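Since the structure comes first, as C-alpha cells, the remarks are kept for the end.
The values are calculated or read from the model by the stated rules, or taken from the named source; none is laboratory data. None of these values were measured; they are calculated from a predicted model. Please note: Cβ atoms are built from the backbone with ideal geometry, for glycine as well, and neighbour counts cover all protein chains shown.
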Amino acid sequence: MDERSSDELLAREFEQHRTHLRAVALRMLGSVNEADDAVQEAWIRLSRADAGTLDNLAGWLTTVVSRVCLDMLRSRTSRREAPWEQAGPAAVPGPEQESVLADSVGVAMLVVLERLSPAERLAFVLHDMFAVPFDEVGTIMARSPAAVRQLASRGRRRVQSPQTSLDDERSAHRAVVDAFLAASRGGDFQGLLDLLAPDVALRADAAAVAMGAQGDVVGAHEVAATFSGRARAARTGLLDGYAAAVWSVGGSPKVVFGFLVEDGLITEIEMLADPDQLSRLDLAPAD
C-alpha cells in the first residue's frame, strides 16, 4: 500500500471514532469549539504516530482526547477563566452548536460539571457517562483505580447534590484530614478510630509497597494501627483541591496520601509514591 492510500485509510478509521471522541470532549469541556480543537489535536497526534503499532485505536484515541481535555481544563483553571454558565449561552456561537450542546450534554449538566475539578470531571465523565472501567481511566490519568474511584465518587456526589457548597465540602474534608493527622502524630489511637469508617481501606500503589508499605489494609483498627504515632513528617497539601497528606524530601513530594471522606468519616486512603504519577497530580500547598 502506498503512502497516500495508507493516509486515506487512517483518515477513514479516524472518522469512525470522531462522534465518540467529540461526545467525550463536549462533556469534558462544555464548549463545541474547544471540543473540536481537542478532536483535531487527536488527529494530528495520530497522523504523527506509528498507527501500525496501535492494537486498540479507539482506546488510544480516547486516551489522547481525554488527556488533551484535562490539560485544557487545567489551563482554564490556572487562568481563572469564567466557567461556562457565567459566560452564558452567547459564548457558544451559532444555533447549530447550541443545539449540539443541549442535545448531547444538557445545559443543566454542564453547569453542574463546571463545579468539579478537572480530575474529578474526567473520572466522572469517562466512568459514569461512558462506562469506562476504573482501571482504564486510571491508565489515562496516570492514577491508580482506587484514586480514580475517589475522584468519580466526589464528582458523583456533587452532581447528585448540586446545591452543596464546594467550599463547605472542602472545608469539612480538611477538618477531618487535619484531625486525622493530629491524632496520627500524637499516637491517639481512639482519636483515629473515631475518624475512620468501620470498613475503611488503605491502598498503596506498587511504588509505596516497594518502600515498605503494605499493599491493602482494611478495617478501622488495622488502619488506625498503621498510622498511630506516624505521619510526623507529612504536611497538609491539596490534591485535586481537597486536603491530603504530603511527605516531601528536598521540596519534592515523595509520598501523597489522598483521603475519601463520607459523612464525616474516612472511608478510603490512597497512598501514592510512583514518581510518574506524582508528577501528574494536581498538587498544591494548603493555605
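Computed values, structure above
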quantity	calculated
Checklist (1) without any contact (Cβ under 8 Å) to a residue 40 or more places away in the chain; (2) assigned by TED's automatic domain parsing to the domain that holds Val68 applied to Pro145, failing item	(2)
Met211, sole failed condition from (1) under 25 Å from Ala119 (Cβ atoms); (2) assigned by TED's automatic domain parsing to the domain that holds Ala244; (3) without any contact (Cβ under 8 Å) to a residue 24 or more places away in the chain; (4) surrounded by fewer than 18 Cβ atoms within 10 Å (Cβ to Cβ)	(3)
Residue among Val177, Val246 that alone is surrounded by 13 or more Cβ atoms within 10 Å (Cβ to Cβ), of a type in the set (Val, Ile, Thr), in contact with a Pro (Cβ under 8 Å, 6 or more places away or on another chain) and within 30 Å of Glu114 (Cβ to Cβ)	Val246
In segment 113-148, residue surrounded by the fewest Cβ atoms within 10 Å (Cβ to Cβ) [restricted to those that are in contact with a helix residue (DSSP H, G or I) (Cβ under 9 Å, 6 or more places away or on another chain), at pLDDT 90 or above and not in a helix (DSSP H, G or I)]	Pro133
Any hit, segment 214-232, residues being surrounded by 15 or more Cβ atoms within 10 Å (Cβ to Cβ), farther than 21 Å from Gly191 by Cβ and without any contact (Cβ under 8 Å) to a residue 60 or more places away in the chain	no
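Quick grid of which residues meet (1) in a helix (DSSP H, G or I); (2) in contact with a Lys or Arg (Cβ under 6 Å, 6 or more places away or on another chain); (3) outside the structural domain of Ala233 (by TED's automatic domain parsing):
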{"position": "Gln150", "(1), (2), (3)": "yes, no, yes"}
{"position": "Gly155", "(1), (2), (3)": "yes, no, yes"}
{"position": "Arg158", "(1), (2), (3)": "yes, yes, yes"}
{"position": "Val177", "(1), (2), (3)": "yes, no, no"}
{"position": "Ala182", "(1), (2), (3)": "yes, no, no"}
{"position": "Gly191", "(1), (2), (3)": "yes, no, no"}
{"position": "Asp194", "(1), (2), (3)": "yes, no, no"}
{"position": "Pro198", "(1), (2), (3)": "no, no, no"}
